Amino acid sequence: MSEPIQSARINSAWQLVLLGAMAGGLGWGIRGQYGHETGAMIAGLLLSAVLVVRLFPEMPMHLAVRAVAMATVAIGIGGSMTYGQTVGLTHDLELVGHWGALLWGMLGLAIKGGIWIGFFGLFLGVGLGGVRYRTTEMIGLFAGFAGLYFLGVWVFNQPFDPVARVLPKLYFSDDWRWEPGATLKPRRECWGGLFSALMGGWVYMGWVKRDILARRLAFWGFWAG
C-alpha cells in the first residue's frame, strides 16, 4: 500500500508545482498591462488561489478567501520596487560581456526577488496559520512596517542625487559605474526599506506571536524568491 500512496503524493506535488507555475506565469503576463503594485497582485491572486485550493481543499470558504486576500496584498508590496533597470544590468546590449554588471545585477535580482516572495510567504502563512491577530494589532503592525520602511530607506537607499551622480553604495540599477559616458536616468530604489519591514514582520509574527507557519513560509519564500 505504501508505494501507491507515495506515488500519489509525488503526482500531487508535481501537479501543485505545475499548476502554480502556470497560474503565476499567466498572472505575470497579464501584469504587463498594468504594472507596479496592481499588476503584481494579479499574479499573487492566481497563485495563492491555486495553493490554497490544492493544499487545503476542506478549508472553510471565508478562511480560504482571507488567506488568498492577504497573500495577494502582500505580493503587491514588492511591486513598489524598481527592478527593470536591474534586469537590464544582466543583458542590456551595451553591457553584454561585462561580468561585473552581470553579477551585480543578479545579486540585485536575488535580493529584490527574495524580499518580494518573502512578503508573499509571510502573509500567506498568517492567513493559513490559525494564529489570531486583533484588528488593533494589525494596525499597529502596519504602522511599524511604515517606520521600518523609512528607516531602511535611510540606511540602505541613501544618498540619492542623480543630478550630481551621487547614488547609494548598494544600488542595483543601471548607473555610471557600468556606463560612465552614458546618459542615464537612475531610479530611486526602496528595497532597503522593504527588507527592513520584512525582517521586522518576520521577527514579530514568527517569534512574538509564535506563528510558525508564517515564519517558515517567509524564510523559504525569501530564498526561493
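What follows draws every value from the coordinates through simple rules; no lab data is involved. Quantities reported herein were computed from a predicted structural model and do not represent experimental measurements. Please note: Cβ atoms are built from the backbone with ideal geometry, for glycine as well, and neighbour counts cover all protein chains shown.
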Relative contact order for segment 1-80, counting Cα pairs under 8 Å that sit 6 or more residues apart, in percent: 32 percent
Taking a crude spin-label model, label points 7 Å out from Cα along the C-beta direction, the VAL53 to LEU170 distance in nm is 3.9 nm
Estimated FRET transfer efficiency when R0 is 45 angstrom, pair ASP161-ALA224 (beta carbons, to 0.05): 0.80
Mean separation of Cα contacts under 8 Å (6+ apart) over length of the chain, as relative contact order %: 22 percent
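Could you tell me which trypsin sites (Lys or Arg not before Pro) in segment 106-140 are loop residues by DSSP with no more than 11 other beta carbons within 10 angstrom of their beta carbon?
Numbers: sites: LYS112, ARG132, ARG134; in loops: ARG132, ARG134.
Passing both the DSSP loop test and the Cβ count: ARG132, ARG134.
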Taking the alpha-carbon distance from LYS209 and a cut-off under 13 Å, which aspartates and glutamates remain once sequence neighbours fewer than 8 residues away in the same chain are dropped? GLU137
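Evaluate the relative contact order of segment 1-135 (contact order divided by residue number), counting alpha-carbon pairs under 8 angstrom at least 6 apart; express in whole percent.
Working: 144 pairs, mean separation 31.1, N = 135.
Computed value for segment 1-135: 23 percent relative contact order.
Between SER12 and ILE30, what is 0.36 nm times their sequence separation minus the Cα-Cα distance? Round to one decimal in nm. Numbers along the way, then the final one.
Values: separation 18, 0.36 × 18 = 6.48 nm, distance 2.68 nm.
Length difference between fully extended and current span is 3.8 nm.
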Starting from the Cα-Cα distance between ALA21 and VAL203, subtract it from 0.36 nm times their residue separation and give me the gain in nm to one decimal. 62.6 nm
Within segment 70-105, whose backbone N sits under 19 Å from a point 7 Å along Cα→Cβ of THR38? 72-83
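Among the helices of the chain (complete DSSP H runs), which have Cα atoms covering no less than 30 Å along the helix axis and a Kyte-Doolittle mean of at least -1.0? Working shown, then result.
Details: long enough: 2-31 (43 Å, 0.37); 99-129 (43 Å, 1.54); 135-156 (31 Å, 1.47).
Span-like helices, by this rule, are 2-31, 99-129, 135-156.
Highest mean first, what order results for 171-179, 194-202, 57-65 on Cβ atoms within 10 Å?
Working: 171-179: 19.1, 194-202: 22.2, 57-65: 11.0.
Per-residue Cβ counts within 10 Å, averaged per peptide and sorted highest first, yield 194-202, 171-179, 57-65.
Okay, helix-only estimate at 222 nm for the chain: each DSSP H run of n ≥ 4 adds -39500 (n - 2.57), divide by all residues, round to 500 deg cm²/dmol; what do you get? If you can, show how the numbers build up before the last one.
Values: 8 runs with 154 residues, N = 225.
Rounded to the nearest 500, the figure is -23500 deg cm²/dmol.
Which value, in debye to the nearest 20, gives the size of the charge dipole of segment 82-225 about its Cα centre, when Lys and Arg are +1 and Asp and Glu are -1 at the Cβ?
On the way: 13 positive and 9 negative charges, 126 e Å.
In total the dipole reaches around 600 debye.
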If the cut-off is a Cα-Cα distance under 30 Å, which lysines reach LYS169, setting aside same-chain residues fewer than 8 apart in sequence? LYS112, LYS185
